[in-house]
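Visitor: The structure's right below; bear with me while I get my questions together.
The values are calculated or read from the model by the stated rules, or taken from the named source; none is laboratory data. Given the structure is predicted, the values throughout are model-derived calculations rather than measurements. Here Cβ is always computed from backbone atoms with ideal geometry, including for glycine, and neighbour counts include all displayed protein chains.
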Amino acid sequence: MQEQTATQQQSSAEQKQKRKENKFSAKRIAKIAVFAALAYVVSLLEFPLFPAVPFLKLDFGNVFILLSAFIFGPVEGIIVCFVKEGFRALHSGTFGVGEIANMLITSAFILIPSITYQFKKGLPVVIGTLCIACLVQVGMGLLSNRFINFPIYGAAAGFDGVALFYDVWYWIALFNLIKGVAVSALTVLLYKHLKHLLDKI
């Protein structure tokens, strides 16, 4: 009995070690880097949704961040997000403030779906958690714009950012809701095809 228990413990330790090695393998890191590059390049193809607030621009870079979080895990998804926003900060028009807020909003958006997916898979679960994620994105979008984007950028540019936020907050909420739904829908459509391709590679 003791020998059997020791064997099981050794097998469990070996499996954990193997998972750890696979997590930091060169192939895995290369795949994550590809997702970060795709997220950054696609994010450059941005466009305004509402003429009243042209600074709110929609892009689909977050599709690749969410995909990476589903395929590799939430931590890897956040890493992809930080790399993407780091590159965007190099040519930022908001002194990097917008990129910091985007990191917070996107990280909050991907956490619930990707963590849940590690333990329970299936389309109904994915869709349900993505619906929650869209609401989280709306809330985090309002908070980050109220306390980070508008105050700091307004102070740097010489206008009352907080007052402007209260004039346009409903546009921000609607924008983040539309962005969350659009990113979620594209992710669900692309996931199976991309996962199959990565498994082949």
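Visitor: Name the residue that is nearest to the chain's Cα centre (by Cα), counting only residues in segment 119-130 that are surrounded by 11 or more Cβ atoms within 10 Å (Cβ to Cβ) and in contact (Cβ under 8 Å) with a residue 40 or more places away in the chain.
Guide: Across segment 119-130, the extreme among qualifying residues is Leu130.
Visitor: Then there's this: Being within 18 Å of the chain's Cα centre (by Cα) and over 19 Å from Gly180 (Cα atoms) narrows it down to one residue among Gly77, Gly96; which is it?
Guide: The match here is Gly96.
Visitor: Among the residues of segment 58-74, write down those that are under 22 Å from Leu142 (Cβ atoms) and in a helix (DSSP H, G or I).
Guide: Residues satisfying the conditions are Gly61, Asn62, Ile65, Leu66.
Visitor: Something else about it: Taking into account only those residues within segment 160-174 that are aromatic (Phe, Trp, Tyr) and within 16 Å of Ile148 (Cβ to Cβ), which is surrounded by the fewest Cβ atoms within 10 Å (Cβ to Cβ)?
Guide: The qualifying residue surrounded by the fewest Cβ atoms within 10 Å (Cβ to Cβ) is Tyr166.
Visitor: Given the conditions (1) out of contact with any Ser or Thr (no Cβ under 7 Å at 6 or more places or on another chain); (2) under 18 Å from Phe55 (Cβ atoms), and given that Gly86 satisfies all but one, which numbered condition is not satisfied?
Guide: (2)
Visitor: If you don't mind, another one. Does segment 77-84 include one or more residues that are closer than 22 Å to Ala157 by Cα and in a helix (DSSP H, G or I)?
Guide: No - not one qualifying residue is present in segment 77-84.
Visitor: Now a separate question. Sort out which residues of segment 66-113 are at positive phi and free of Cβ contacts under 8 Å to residues at least 60 places away in the same chain, and write them in order of number.
Guide: Within segment 66-113, Gly73, Gly96 qualify.
Visitor: Here are the criteria: (1) within 25 Å of Lys27 (Cβ to Cβ); (2) without any contact (Cβ under 8 Å) to a residue 40 or more places away in the chain; (3) among the hydroxyl-bearing types (Ser, Thr, Tyr). Tell me which single one Thr116 does not satisfy.
Guide: (1)
Visitor: Looking at segment 42-57, is at least one residue at pLDDT 95 or above and in a helix (DSSP H, G or I)?
Guide: So far as segment 42-57 goes, yes, one or more of its residues are at pLDDT 95 or above and in a helix (DSSP H, G or I).
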